[in-house]
Amino acid sequence: MILAPTKADRIAHLSLKLLAAINVLLFLSFVAVALLASSRAHAEAVTCSGADMLAGLQKSDPAAYAAIEKEAATVPNGKGLLWKLEKAGEKPSWLFGTMHMTDPRVVTLPPAAQKAFDGADTVIIETTDVLDQGKMMAALAKEPDLMMFTDGKTLNAFLSPDDIKVLDKGLDARGIPAASVAKMKPWMLSAMVSLPACEMARKNEGKPVLDVNLAEQAKAAGKDLQGLETAADQLRAMASLPMEQHVKGLLETLKLGDRINDVSETMIVLYQRGDIGMIWPLFRVALPEAAEDEEGYAAFEEAMITKRNKTMTERALPILAKGDTFMAVGALHLPGADGLVEHFRKAGYTVTAVD
């Protein structure tokens, strides 16, 4: 069972964290598609597969499942995707948690969220850079060291001989020539291998993730469209994490192989349920042997979630003050003591979950 405390589960832990990272950074999956346009996912007709790990755990180990639910219940604002923002003197606005994937179950908004979106005058997403891939790549090219090794090194310089074998085998299984990505930073390569082949295939076909779908609908409807970050901002956050952590996560994701489909399916199921607060407890409670990675986990959360939440709040407040705004950002930014829901409450808003 993938969630039992074994060596395979430490692999699952880091892979879940990497998949979460890709879903925290909207643009990374776009860059992955741009850099891997000839991938096997593009060349084949790929069907989605994967099992809900939590459903399996509920049957095989009810006590472990109950522990996850108990921990999730303590996460502030851990349940819900749509939140109403109200403040005296302003028209109401809305905060919605997204998942940066193309899966039809994700892209289709719940009815209440669709109604809020349709009635909004302004739409906010994380970054509008993703609407023009050519422009985005040109901007990132000004800081090439965020994506590539520019000092003559290659990824192999950070790997042991055994690690190189793992890398080459994993890339070969995904139809990626090792030589073509030798100078790529590990977080860029992780973006390619931590998403299921069917997800990469849909993106290669031009199907938009939820955030981009909302942005395109907003533009077509004449709504004011705003972004909170640039692609470079997001990539700098990823690059701020230790190289060792990125390399380890990449290798263990490759070892996970096709089981990444189960990881993706579990994330989608939790998202559909609005159980965002269950994601981190899944890592900490269901995978107890991953406790040794607590320092790395804390660094990840600080760089990818906490710091960016503060920036998002500061940049969103002047826009929200106009009222009638629909703000859509990655769902992992919403819950927790340092999540956006709490930040907006501290800024004077009454923030209420909407069923």
**Report entry** Given charges at Cβ of Lys, Arg, Asp, Glu: the stretch 200-240 dipole, positive-most of A221, A232, A201
**Finding:** A201
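Under the 0.36 nm per residue contour assumption, what length would be gained going from the current alpha-carbon distance of D121 and K322 to full extension? List each step's numbers first, then the result.
Values: separation 201, 0.36 × 201 = 72.36 nm, distance 0.93 nm.
Length difference between fully extended and current span is 71.4 nm.
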Requested in this report: Just grab the label-to-label distance for S180 and D132, each label 7 Å out from Cα along the Cβ direction, in nm (one decimal).
Outcome: 2.8 nm
Query raised in the report: Under a straight-distance cross-link criterion of Cα-Cα below 21 Å, which lysines are reachable from K59, leaving out those fewer than 8 residues away in the same chain?
Result: K70
Query - Label-reachable residues, the stretch 324-355, where backbone N falls under 16 Å from a point 7 Å from A221's Cα toward its Cβ - result: 324-329
Requested in this report: Please work out how much length the chain gains when fully extended from K307 to F158, using 0.36 nm per residue of separation minus the C-alpha to C-alpha distance, in nm with one decimal.
Outcome: 50.9 nm
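Which translational diffusion coefficient, to the nearest whole µm²/s, is obtained for the stretch 140-250 from the Stokes-Einstein equation, given a Kirkwood hydrodynamic radius over C-alpha pairs, 25 °C and 0.890 mPa s? Write down the numbers at each step before the final one.
Numbers: Rh = 16.2 Å.
Answer, rounded: 152 µm²/s.
Quote to one decimal, in nm, the extra length available between A139 and S240 on full extension: 0.36 nm per residue of separation minus the C-alpha distance between them. Spell out each step's value before the answer.
Working: separation 101, 0.36 × 101 = 36.36 nm, distance 1.88 nm.
Taking A139 through S240 to full extension adds about 34.5 nm, to one decimal.
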Query raised in the report: Which pairs in the list K203/K248; K203/K307; K115/K223; K142/K322; K91/K219; K91/K307 are over 24 Å apart, alpha-carbon to alpha-carbon?
Result: K203/K248; K203/K307; K142/K322; K91/K307
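No lab work stands behind these numbers, since they all come straight from the coordinates. The structure displayed is predicted, hence computed values, not measured ones. Virtual Cβ from ideal backbone geometry, glycine too; neighbours counted across all protein chains shown.
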